[in-house]
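The values are calculated or read from the model by the stated rules, or taken from the named source; none is laboratory data. It should be emphasised that the depicted structure is a prediction, and the values quoted were computed from it without experimental measurement. Reconstructed Cβ throughout: ideal geometry from the backbone, glycine too, with neighbour counts over all protein chains shown. Only protein heavy atoms, including side chains, enter the accessible area calculation; ligands, DNA and RNA are left aside. Shrake-Rupley method; radii C 1.70, N 1.55, O 1.52, S 1.80 Å.
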Amino acid sequence: MGRQTSRSALDRNVRVGQYEGVAHEAVPIAGSQVVLTGASGGLGGAIARAFDDCGAHLILTGRRMDALDALAAELEDARALQCDLADRDQLEGLLAHVEDADILVANAALPATGTLDDFTTEELDRALDVNLRAPMLLAKHLAPRMAARGRGHLVFIASMGAKAPASRLSIYAATKYGLRGFAACLRQELAATSVGVSAVFPGSVEDVGMWAESGASGQAGTVSSSAVADAVIRAIERNRAEVDVAPWSVRLAAAIAHLVPETYARLARSSGADQQTAALAAGLRHKR
């Protein structure tokens with residue numbers, strides 16, 4: 001599939017955001033080098049294609065080389081690097097290959113669904129390593145280099161689970177709550193530089209990822225992977241701190257959870273949310 005970068009797509013790439021009074025010119029996606037983790041599954045393909053349409057050069061990382069190679073073959077300018085982010089040696093090796101990145105999209109994540117007492121210590125460590133530790137280390141490695149070059153953007157794929165809690169998602173949500181706090185504070189730390197920081201919060205994605213793979217239904221409504229990919233592009237172009245990608249009902253639930261958590265918990269239980277997440281956890285038990 002060839003690159004389909006239109007003039008309007010290129011124009012979108014020069015919008016200016018704002019860092020608390022410090023003018024910050026958005027990173028032009030066309031011609032930028034983008035590192036995308038989790039490219040071999042889930043949302044990775046949709047995000048990669050969105051960047052390819054904008055004219056980016058892609059470094060695709062993930063655990064499954066066959067899937068990475070197949071995706072890279074679709075795109076105009078992409079190369080694949082195999083890396084299991086739970087393997088600390090492999091992560092250190094990846095850092096050496098991505099030093100010139102203009103944009104990081106930390107997309108890789110393990111579902112980590114189930115009750116806390118059903119996790120082994122090793123499973124818990126793996127979820128923390130992939131979902132939280134790896135994005136932190138990638139940002140630690142790349143942010144100073146981006147700042148020195150005077151351009152860069154860090155995007156962290158979180159989840160609406162970081163805004164609306166649910167049973168059997170305690171470990172998964174903990175990593176996404178952590179990613180949200182990390183991105184928000186890092187944005188403040190980098191406010192005086194030319195490095196943007198964004199967090200994107202997808203709801204239940206209908207066609208790929210944990211809900212699709214589990215066989216459980218997204219009772220509260222779903223979104224498409226292409227909508228999430230568009231949100232990633234928008235977050236960079238507009239230098240947005242946070243972008244939610246979810247139906248209005250899920251956004252409303254998140255607002256209620258923030259303002260009146262006890263009321264939200266009662267509503268969630270009465271709505272059958274516990275049964276829904278139980279089905280999700282059962283369908284993803286093998287992916288820890």
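Checked against (1) modelled with pLDDT of 65 or more; (2) open to solvent by less than 30 Å² (accessible area, probe 1.4 Å); (3) not in a strand (DSSP E or B), Ala9 passes all but a single condition, namely (1).
Table: residues versus (1) farther than 23 Å from Leu132 by Cβ; (2) among the acidic types (Asp, Glu).
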| residue | (1), (2) |
| --- | --- |
| Ser40 | no, no |
| Gly62 | no, no |
| Ala67 | yes, no |
| Ala70 | yes, no |
| Glu76 | yes, yes |
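Results for (1) more than 14 Å from Leu190 (Cβ to Cβ); (2) among the aliphatic types (A, V, I, L, M), shown as yes or no for each residue.
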position	(1), (2)
Thr113	yes, no
Asp117	yes, no
Glu123	yes, no
Ala127	yes, yes
Lys140	no, no
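Counting only helices (runs of 4 or more DSSP H) that sit wholly inside region 83-201, those with at least 3 residues that are over 26 Å from Ala30 (Cβ atoms) and of a type outside the set (A, V, I, L, M) are 88-95, 121-128, 170-189. Looking across region 234-244, the residues that are open to solvent by less than 10 Å² (accessible area, probe 1.4 Å) and touching a helix residue (DSSP H, G or I) at 6+ places or on another chain (Cβ under 7 Å) come down to Glu237, Val243. Looking for something under 18 Å from Ala254 (Cα atoms) and at pLDDT 95 or above - is there at least one such residue anywhere in region 138-157? For region 138-157, residues under 18 Å from Ala254 (Cα atoms) and at pLDDT 95 or above: present. Annotation for region 161-178: at least one member residue is of a type in the set (D, E, K, R) and at pLDDT below 95.
Within region 112-124, if we keep just the residues that are open to solvent by 10 Å² or more (accessible area, probe 1.4 Å) and either touching a Leu at 6+ places or on another chain (Cβ under 8 Å) or not hydrophobic (A, V, I, L, M, F, W, C) (or both), the residue that is farthest from Ser170 (Cα to Cα) turns out to be Glu122. For region 275-288, the count of residues that are at pLDDT 70 or above, surrounded by 21 or more Cβ atoms within 10 Å (Cβ to Cβ) and either basic (Lys, Arg) or in contact with a helix residue (DSSP H, G or I) (Cβ under 9 Å, 6 or more places away or on another chain) (or both) is zero.
A quick yes/no check of all residues on (1) on the phi > 0 side of the Ramachandran plot; (2) crowded, with 16+ Cβ neighbours inside 10 Å; (3) within 18 Å of the chain's Cα centre (by Cα); (4) modelled with pLDDT of 95 or more:
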{"position": "Gly42", "(1), (2), (3), (4)": "yes, yes, yes, no"}
{"position": "Thr61", "(1), (2), (3), (4)": "no, yes, yes, yes"}
{"position": "Leu68", "(1), (2), (3), (4)": "no, yes, yes, yes"}
{"position": "Asp77", "(1), (2), (3), (4)": "no, no, no, yes"}
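Selection within region 68-110: residues that are touching a Lys or Arg at 6+ places or on another chain (Cβ under 9 Å) and small (Gly, Ala, Ser). The member of this set that is farthest from Arg49 (Cα to Cα) is Ala86. Of all residues in region 134-160, those being surrounded by 22 or more Cβ atoms within 10 Å (Cβ to Cβ) and farther than 22 Å from Gln90 by Cβ number 6.
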